[in-house]
Amino acid sequence: MADDVSQILEKMKLTLLDEEETINISEEGQQEELESCALSLIGKFLTCKPFNKRAALATLKKAWGFEDSVQVVEVCSNLFQFKFGSEFELNRVYIGGLWSFNNQALLLTRWKSGMTAMNVKFDSIALWIQIWGAPFEMRSAWVAEEVGNLLGRVLEVDRRRNNDRQNFFMRIKVAIPLENEIQRGAFLAGSDGKKYWVDLKYEWLPIFCHYCGLLRHELRFCAHYFSKTKSRTEVECGYGDWLKASGGRTRSPQQREATKDDEYKGKKGDSKRWESTVVGKGVNILKRSKRRGGVLPKVWEKIGLTAESLLRIKGVEAWRRGEGRWRFWFLNFGRVETVPT
């Protein structure tokens, strides 16, 4: 018996010595994949139940408007790599908002060098939160940010304009840690020492557990709820659908004054509004570009919008037929050359 064990240990030593050899990979050998990964996002659906992957991915690509240009690779179970054709397409999806399928949120993170299926982490989810019931003197962006710091990492504060006629609630975007329960409300203390309770409502809130308040699972998959109901006694849930903000991305105050840059950046509103501003305005600018020497707005460089990506969205062939004798090629971020066909 002892001899058998010693033989096994000797074999393990030999194997470990063999595996210590390092294989050096040149930059040339990984250049193509590096370029592909640089414009990619890693994503997974926040769910603990099976779902139709093909339908989910097809629905997302259609919602994004990049059905033909986005390549989706499943790198592990419920882990996907989304490869985009341009920085504009990537930013539109990454910054555009919370994406979901059947109320199951899609968590996204940007690719980083050295990332594998084993070490990629999704530890938070970005949600817009409405703060209801604050005293009039506390309805400010500063107070909203303080509430957001209690919930997680503040990403954005919806600031109210002086001429707004409505101010029902304050609004913030927060990266909420997935290990925390969703907060139902909080106390605000004034300078006089009095405390005021404010209710929190979440826009586009995905599936969550009505018993423990976690976003990782729903009620029927909750181990704590199951253990409480084994004795067949009635259990009250402290969370419910009343935490969802009615009407989705309802806004109380209007966002800050729109600028010309905002029309092209598409930061306001949903994906349809993005297309109507960025794509619609962009097509008109491309049509007029030959009268302006082919120069496009500098803001296009900032958001990564190229003539190539714009043509892909609108349909290259349809655009070329509409233009007749002209085709457009993108040159060096922000310049278009018009060449007769």
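The values are calculated or read from the model by the stated rules, or taken from the named source; none is laboratory data. Not measured: the values here are computed from a predicted model. Reconstructed Cβ throughout: ideal geometry from the backbone, glycine too, with neighbour counts over all protein chains shown.
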Quiz item: Any chance the stretch 205-212 includes a residue that's more than 27 Å from THR59 (Cβ to Cβ) and modelled with pLDDT of 80 or more?
Solution: yes
Quiz item: So, of the residues in the stretch 74-105 that are touching a strand residue (DSSP E or B) at 6+ places or on another chain (Cβ under 8 Å) and in a helix (DSSP H, G or I), which turns out to be surrounded by the fewest Cβ atoms within 10 Å (Cβ to Cβ)?
Solution: TYR94
Practice problem: Filter the stretch 31-73 down to residues that are of a type in the set (Lys, Arg) and outside any helix (DSSP H, G or I) and give me whichever is surrounded by the most Cβ atoms within 10 Å (Cβ to Cβ). | Solution: LYS44
Quiz item: Restricting attention to the stretch 65-112, which residues are charged (D, E, K, R), free of Cβ contacts under 8 Å to residues at least 12 places away in the same chain and closer than 17 Å to ALA38 by Cβ?
Solution: LYS112
Exercise. Within the stretch 142-176, work out how many residues are surrounded by 13 or more Cβ atoms within 10 Å (Cβ to Cβ) and in contact with an Asp or Glu (Cβ under 8 Å, 6 or more places away or on another chain).
Key: 7
